[in-house]
Structures are given as structure tokens and as C-alpha cells.
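Everything below concerns the one structure shown next.
The values are calculated or read from the model by the stated rules, or taken from the named source; none is laboratory data. Source: prediction; values computed, not measured. We place every Cβ from the backbone using ideal geometry, glycine too, and count neighbours over all the protein chains shown.
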Amino acid sequence: MTVRETGGPELPQERRIVTALPGPRSQELEQRRRSAVAAGVASSLPAYIVAAGGGILRDADGNQLIDLGSGIAVTTVGNSNPRVVERAKEQLDAFTHTCFMVSPYEGYVEVAEALNRLTPGDHEKRTVLLNSGAEAVENAVKIARVSTGRSAVVVFDHAYHGRTNLTMAMTAKAAPYKRGFGPFAGEVHRAPMSYPYRDDAAAGTKVSGEDAAARATEMIDRQIGADQVAAIVIEPIQGEGGFIVPAEGFLPALAEYSRENGIVFIADEVQAGFGRTGAMFASEHEGVVPDLVATAKGIAGGLPLAAVTGRAEIMDAVGPGGLGGTYGGNPAAVAAALGAIEAYEQDGLVERARELGEILVQRCERLRTRFPEVGDIRGRGAMQAIELVHRDTIEPYPELAKAVAGHAAENAVLVLVTGSFGNVLRFLPPLTISDALLHEAFDVLEEAFAQALG
């Protein structure tokens, strides 16, 4: 299997080690970075990328790495997907910018129509296009506050919603996302999340989704008052928090509580959305229909685009001029999004996510059989993770996660560490990766575990 690089020759879909990683050219670029780029901008991989396609990243020294990160779930349709590239090139030849708020264009409307059609529910919808996931979440909260006339926002333990002032307040993890950046926006309240692996261990029995939801809603009623809450905001599968999939019944119970109390139920589908989980949106797995859906990442195949899509009566509560932004719905980005949506729908990528999920679970189970430090396997489709713990405990083992990821990088496999405790390895391969490459990546990961654990 080969894919075309943008403006280059075919990129062979194979892992290739030419130099030690990072190689001399990447090391040179790293030296330049240190005198040019702010220290607060960190990178997981020490190799500098010059080309990418399918499941492969090629670095400045000619090494080819297997990509299990997809730019944190952005290049879900595959890096430089031909449909995305063709659409974006056509748009760039036409015009680069007018600002939709000044002089509109059809591409913005087309993407809004597609999102209104694709997001869960058959009710009438409206969409606003933005630049980033954090901007989408923040605008969803703005819309909910105007629509309800209320101010309180409920989020959850282990949540990640972004790096703006409001979304930092909504994010749970202090370091590196929040420490030193306060004071944060007010009227943000945190409820307990359904975290089956740790909930069940703490309770000594299985904690149902309904019981976990009751725990959260009782806290809302007692500490805030449901009639004060504008929105409940939740990731159907938490991303930075550690790919936590709540117990079955948790999300539907929260959605029902929201409906009963006039609360806007917002699904942050920034990381889990767009085919990644084996459904177009993760909310669909339990038949949940959010009032508002925040999207970004996989929406445009690598170009910056985000959106809020939701019930027409809620979206239209904000008056003219209340939503927007100079670059929101940039012409090239919306063209790329139309190419990405075409790929999801016409190239069988949602089904492919389910196939990849079966392979990922199989290989993760193999790791757990061999290494008891793999405490939990969780996820949906091509969004899977393993939580690492000290043997015979549930004590987080972040040192092992770091060691495995480091060994993998040295051997041309990119895997990302995540989780509130820094002890989760997450797997987000592009949906165009081959079975063979995915298996080869996990062969390297097995070697990494064996080396780290002696």
C-alpha cells in the first residue's frame, strides 16, 4: 500500500531506520528550536517530520516511523489524504480569505449543512465554524448561557477541554495545562466521572453507569442547584484524561437529567468524533443525542477547523454578531473538511475504524497476558488505550509508560502518553494504516515492555 505525499513521490508504507533517532538533521533542528521557540511548547517526538502519508511519518534524516498518534486524532483520514489535498488546492487557487462575517462563500455553508446532517439526531440544527477545539467548547458554553439565561457549567473529573481561560477552568489536570495561569473563569463546577477501572476497584464491585450518574447529579443538586446550570459538558470518551469510557448508561442518564432540568447537554467530540470510534460520533454508541456537539481535530484532515452544531432554537438564541471570528471557517479549511467528510463516507473509514479496533484490542490483550502491568484496556474502535499500573495493584506506573514510549520512538514507532496520572498509552492510528504496519508497531511495543521490565 502506498499513498502520495503532497508534491512528492510515493511514500512507501514501511518502517525504516536509517540513523539513530533522533538523527543528525533532527538534532540540528532541535538546536535551532531552542533559540527560536518558546520553552513552553513541548514535543513528544525528537524527530522532525518532512513528509507523511498513510501510517508513516518520514523525518529529516530519512527515517520512517509508524504513526500511532495521527497528530492527536487530527489526521484520521490519513496524512495528506488525496481528497483533502485536492479540495484544499482548488480552494487556494481560487482565494485564500475573505472572512465569512464580511463576504461569505459557499464552502462554509456546505460544511455547516454536512455537520447538521451527520451529527446525532434528526432535529433541525444550526452550525458555527471556528478554529480550534477549545474555541468550539468555549462557544458552546456561550450559546448555552444565552439560551438558558443561566451561568453555571458542570464538567467532570479527568476532563480536558482546552487552553483558553474558560476551557482551562473546565480542564481537570493542573500540570502542565493550568498551573500558574490563573485566576480562571468562574461558575465552573466539577462532578465525579464514571471511571469503571478505578470505580470498580474502589467499590469492590461493579459500579453501574446509572449509579455513577446518580452520584454526579446528586452533587449538582446539592452543591449548585439544577436550575442554575446552563450546561453539562462531557467528552463521550475522555481524551487527555486517559481514554476513559464511562460505564454503560452513564451518558444517557446525564442526557436525561439535562432534559428534565432545562440544561443544555454538550458533547465535546473534539477527539472522539469523526469516525474515530467506529461511529461517526462517539455519542452514537449509546444512542445519546446531545443538544450541542463541539468538533475539531479529525474534521478537516489536518487543517485548522472546528465547529459547534446543535438544536436550531438553542443555536439561534445568540443574536447576529454574537458568534464568529476572523478565521473561523477559513476557505481552505472548509474545502479540506469537505474532502475529509467525503473520505469518511465514501472510503469506508468508519467501518475501517471498527476493524482496526479489533486488531488493537487483540494486541493489547496479548500485552496484558504477557505483562500484568497492563491493568486496563479500554476504548472504542481505533481509539484504544492501556493503563499501566504496578503489578498486583492499581497504583499508576507513569515511569513505565514513559519508558515504553521512549523505546518505541527510538525504534521508529510514535505512541502517545496520556492520562491524569501519566500512565496511559493511547493508540490513535490513521484509519488508512495497514494491518501489517499496525502489527509491526505492536511488535516493537512488546519489545519495549520487555526491555523496560527486564
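Output the residues belonging to the stretch 254-277 that are surrounded by fewer than 23 Cβ atoms within 10 Å (Cβ to Cβ) and touching a residue at least 40 places away in the same chain (Cβ under 8 Å).
Within the stretch 254-277, Tyr257, Gly262 meet the criteria.
Please go through (1) crowded, with 18+ Cβ neighbours inside 10 Å; (2) among the hydrophobic types (A, V, I, L, M, F, W, C); (3) in a helix (DSSP H, G or I) for Ala385 and return the number of the only condition it doesn't satisfy.
Answer for Ala385: the failing condition is (3).
Would you confirm whether or not the stretch 305-326 contains a residue that is in a loop (DSSP other than H, G, I, E, B), in contact with a Cys (Cβ under 8 Å, 6 or more places away or on another chain) and in contact (Cβ under 8 Å) with a residue 60 or more places away in the chain? Before the answer, list the steps.
First, pick out the residues of the stretch 305-326 that are in a loop (DSSP other than H, G, I, E, B): 305, 316-326.
Within this subset, residues satisfying the condition of being in contact with a Cys (Cβ under 8 Å, 6 or more places away or on another chain) are 326.
Add one more test, that the residue is in contact (Cβ under 8 Å) with a residue 60 or more places away in the chain, and what stays is 326.
For the stretch 305-326, residues in a loop (DSSP other than H, G, I, E, B), in contact with a Cys (Cβ under 8 Å, 6 or more places away or on another chain) and in contact (Cβ under 8 Å) with a residue 60 or more places away in the chain: present.
Can you tell me which residue within the stretch 443-454, out of those that are not in a loop (DSSP other than H, G, I, E, B) and not hydrophobic (A, V, I, L, M, F, W, C), is farthest from Gly69 (Cα to Cα)? Give the derivation first.
So in the stretch 443-454, the residues not in a loop (DSSP other than H, G, I, E, B) come out as 443-453.
Imposing the further condition that a residue be not hydrophobic (A, V, I, L, M, F, W, C) reduces the set to 443, 446-447, 451.
Numbers: Asp443: 17, Glu446: 18, Glu447: 19, Gln451: 22 Å.
Per the stated criteria, the residue is Gln451.
Kindly indicate whether any position in the stretch 284-291 is crowded, with 21+ Cβ neighbours inside 10 Å and either outside the structural domain of Val111 (by TED's automatic domain parsing) or not in a loop (DSSP other than H, G, I, E, B) (or both).
no
Restricted to the stretch 391-442, and to residues that are polar (S, T, N, Q) and in a loop (DSSP other than H, G, I, E, B), which residue is surrounded by the fewest Cβ atoms within 10 Å (Cβ to Cβ)?
Applying the filter and picking the extreme gives Thr393.
Looking only at strands (runs of 3 or more DSSP E) that lie completely in the stretch 8-79, which have at least 1 residues being under 26 Å from Thr418 (Cα atoms)? Give the steps one after another, and end with the answer.
On the way: elements: 10-12, 49-53, 56-59, 64-67.
It comes to 49-53, 56-59, 64-67.
Test Ser44 against the stated conditions and say whether it is outside the structural domain of Ala340 (by TED's automatic domain parsing) and under 24 Å from Gly242 (Cα atoms).
It is true that Ser44 is outside the structural domain of Ala340 (by TED's automatic domain parsing) and under 24 Å from Gly242 (Cα atoms).
Among the residues that make up the stretch 48-65, is at least one of them in contact (Cβ under 8 Å) with a residue 24 or more places away in the chain, among the hydroxyl-bearing types (Ser, Thr, Tyr) and out of contact with any helix residue (DSSP H, G or I) (no Cβ under 6 Å at 6 or more places or on another chain)? Working first, answer last.
Within the stretch 48-65, the subset in contact (Cβ under 8 Å) with a residue 24 or more places away in the chain is 48, 51-65.
From what's left, among the hydroxyl-bearing types (Ser, Thr, Tyr): 48.
Imposing the further condition that a residue be out of contact with any helix residue (DSSP H, G or I) (no Cβ under 6 Å at 6 or more places or on another chain) reduces the set to none.
No.
Being closer than 30 Å to Tyr257 by Cα, more than 17 Å from the chain's Cα centre (by Cα), assigned by TED's automatic domain parsing to the domain that holds Ile234 and of a type outside the set (Phe, Trp, Tyr), is that true of even one residue in the stretch 331-344?
No, the stretch 331-344 contains no residue that is closer than 30 Å to Tyr257 by Cα, more than 17 Å from the chain's Cα centre (by Cα), assigned by TED's automatic domain parsing to the domain that holds Ile234 and of a type outside the set (Phe, Trp, Tyr).
Which condition does Ala448 not pass, out of (1) more than 22 Å from the chain's Cα centre (by Cα); (2) modelled with pLDDT of 95 or more; (3) farther than 28 Å from Leu11 by Cα, if it passes all the others?
Of (1) more than 22 Å from the chain's Cα centre (by Cα); (2) modelled with pLDDT of 95 or more; (3) farther than 28 Å from Leu11 by Cα, only one is false for Ala448: (3).
Would you please name the residue that is surrounded by the most Cβ atoms within 10 Å (Cβ to Cβ), looking only at residues in the stretch 205-239 that are polar (S, T, N, Q) and either in a helix (DSSP H, G or I) or touching a helix residue (DSSP H, G or I) at 6+ places or on another chain (Cβ under 9 Å) (or both)? Please lay out each step first, then the result.
To start, the set of residues in the stretch 205-239 that are polar (S, T, N, Q) comprises 205, 208, 217, 223, 228, 238.
Remaining after also requiring either in a helix (DSSP H, G or I) or touching a helix residue (DSSP H, G or I) at 6+ places or on another chain (Cβ under 9 Å) (or both): 208, 217, 223, 228.
Numbers: Ser208: 17, Thr217: 21, Gln223: 11, Gln228: 16.
Among those that are polar (S, T, N, Q) and either in a helix (DSSP H, G or I) or touching a helix residue (DSSP H, G or I) at 6+ places or on another chain (Cβ under 9 Å) (or both), it is Thr217.
Among the residues of the stretch 264-283 satisfying the criterion of being assigned to a loop (DSSP other than H, G, I, E, B) and of a type in the set (Phe, Trp, Tyr), which is farthest from the chain's Cα centre (by Cα)?
Let us first name the residues in the stretch 264-283 that are assigned to a loop (DSSP other than H, G, I, E, B), namely 269-281.
Retained after the next criterion (residues that are of a type in the set (Phe, Trp, Tyr)): 274, 281.
Working: Phe274: 10, Phe281: 11 Å.
Only one residue fits best here, namely Phe281.
Residue by residue, here is whether (1) surrounded by 14 or more Cβ atoms within 10 Å (Cβ to Cβ); (2) under 21 Å from Leu445 (Cβ atoms) holds:
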| site | (1), (2) |
| --- | --- |
| Arg15 | yes, yes |
| Gln27 | yes, no |
| Arg34 | no, no |
| Ala42 | no, no |
| Gly55 | yes, yes |
| Gln64 | yes, yes |
| Val74 | yes, no |
